[in-house]
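Enquirer: Handing you this structure, nothing more for now.
The values are calculated or read from the model by the stated rules, or taken from the named source; none is laboratory data. Since the structure is predicted, the reported quantities are computational estimates derived from the model, not experimental observations. Note: ideal-geometry Cβ built from the backbone for every residue, glycine included; neighbour counts use all protein chains shown.
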DNA sequence: GTGTGTCTCACGGTTTTCCGTGAGGGCATA
DNA sequence: TATGCCCTCACGGAAAACCGTGAGACACAC
């Protein structure tokens with residue numbers, strides 16, 4: 001009998017982790033060897049231990065799955081990573097694959113997909129759950145395919161400190177005037193940052209900024 | 001041997017449901033007799049079937065747990081309801097208990113708490129998980145207890161169909177003019193809905209609306 | 001049949017956002 | 001030292017959002 005596939009699970013919901021463990025343990029070829037509730041825990045765990053597969057939730061407080069993925073990639077061994085997405089982070093898929101994600105499953109799909117995904121990526125075959133595929137398809141036919149994602153995500157981390165501050169405040173319903181007071185800046189200056197953000201993030205208005213902040217866990 | 005406690009589970013994440021089922025089935029006194037992925041499914045299910053306990057997620061698309069709870073209460077039989085909260089909906093606890101919620105558990109706590117909660121409320125003892133208790137405590141000492149939450153959350157699910165449509169569009173960066181075109185309405189009318197939303201949801205601007213939509217999984 | 005609520009629209013006014021453009025100072029690095 | 005990037009601020013104008021108020025039509029419930 002060959003060795004079992006060693007899996008580590010990261011999600012901020014203990015209940016979900018327990019559920020996945022219970023499910024995975026019904027499969028003879030898979031063994032859960034650890035879990036983490038935060039991004040930091042994941043990195044810590046992999047300092048001292050190892051697993052073949054990391055099932056990684058995108059949405060976690062503090063250090064989110066995206067950030068973990070990025071840091072992981074740098075010193076990546078032979079581990080494969082499956083991203084768990086809570087809402088449809090379809091736009092992120094392309095970007096995250098470049099960072100080394102090997103599979104995507106949405107939490108809304110049945111648990112058996114996790115087992116499928118694990119076995120698939122373990123055999124070097126990327127796995128995408130059906131709704132992710134569908135989302136990608138819709139994205140492709142709905143708008144231009146070969147543009148947005150790249151420059152948009154490229155800009156993602158190219159925000160300056162001030163821009164980031166303003167972005168956070170915008171997403172908290174503050175007006176330009178209020179932000180100026182809070183940051184001890186001129187209203188004009190805050191407006192400049194706002195304009196810069198609109199352009200960089202390629203959104204139409206403050207709502208777009210707020211949604212961006214949510215998606216990227218800036219707030 | 002006495003009859004098992006019949007449980008119905010409602011959550012929009014299939015994986016979570018499967019996990020909870022796997023866990024609950026390890027307990028001899030509990031039996032999962034059904035599950036739902038949406039609020040509507042819950043109501044439909046209880047039209048034809050019955051359970052002792054309903055484990056109800058607060059955050060579900062379309063008809064959320066709060067609304068289900070309200071409608072449920074009206075024609076409630078002897079069922080007990082345990083609310084599953086994903087983020088700390090501490091402010092809602094008081095209100096939801098008045099609507100008939102018998103227990104609260106946060107998804108961040110271990111799964112065994114669900115079992116405890118089920119047995120507890122089945123014996124007519126309300127159950128609150130530790131972090132919910134802690135949250136309530138912090139709320140109590142941190143700020144005034146008996147204020148805001150009521151009017152704010154009361155409005156929560158009392159949005160009309162049109163308001164909900166507008167809310168969705170606002171959260172997608174559409175301007176009033178664009179919404180008017182899309183909904184075949186006058187700009188004035190759309191503005192009316194927008195104003196109504198601002199008041200009902202007690203937010204300051206479009207960003208507030210968008211954030212509300214995100215929190216309540218309307219988009 | 002009288003109220004309650006939703007949907008629809010209007011008007012006038014204030015405030016805020018959005019847009020373009022320009023510009024000086026500081027700091028790093030090529 | 002020159003180039004580039006960031007931070008800071010300004011002005012003027014167009015567009016949109018925000019605010020209050022009122023009102024007609026329809027439906028449903030008490």
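Enquirer: Please list, ordered by residue number, the helices (runs of 4 or more DSSP H) wholly in the stretch A:150-219 having 1 or more residues that are away from chain B (no Cβ under 14 Å) and modelled with pLDDT of 85 or more.
Expert: Answer list for the stretch A:150-219: A:161-170, A:176-183, A:187-201.
Matching residues to (1) modelled with pLDDT under 80; (2) crowded, with 23+ Cβ neighbours inside 10 Å; (3) in the same structural domain as residue B:126 (by TED's automatic domain parsing); (4) under 30 Å from residue A:26 (Cα atoms):
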{"site": "B:25", "(1), (2), (3), (4)": "no, no, yes, yes"}
{"site": "B:54", "(1), (2), (3), (4)": "no, yes, yes, yes"}
{"site": "B:71", "(1), (2), (3), (4)": "yes, no, yes, no"}
{"site": "B:84", "(1), (2), (3), (4)": "no, yes, yes, yes"}
{"site": "B:103", "(1), (2), (3), (4)": "no, yes, yes, no"}
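Enquirer: Filter the stretch B:1-47 down to residues that are in a loop (DSSP other than H, G, I, E, B) and more than 18 Å from residue B:122 (Cα to Cα) and give me whichever is nearest to the other protein chains (Cβ to nearest Cβ).
Expert: Across the stretch B:1-47, the extreme among qualifying residues is B:13.
Enquirer: For residue B:170, state whether it is touching a residue at least 40 places away in the same chain (Cβ under 8 Å) and within 10 Å of DNA strand D (Cβ to nearest atom).
Expert: The answer is yes for residue B:170.
Enquirer: Residues being within 13 Å of DNA strand C (Cβ to nearest atom) and surrounded by 19 or more Cβ atoms within 10 Å (Cβ to Cβ): count how many of those fall in the stretch B:181-208.
Expert: Going through the stretch B:181-208 one residue at a time, the tally reaches 8.
Enquirer: Tell me which residues, restricted to the stretch B:160-193, are closer than 25 Å to residue A:168 by Cβ and touching a helix residue (DSSP H, G or I) at 6+ places or on another chain (Cβ under 6 Å).
Expert: Result: B:167, B:169, B:170, B:171, B:173.
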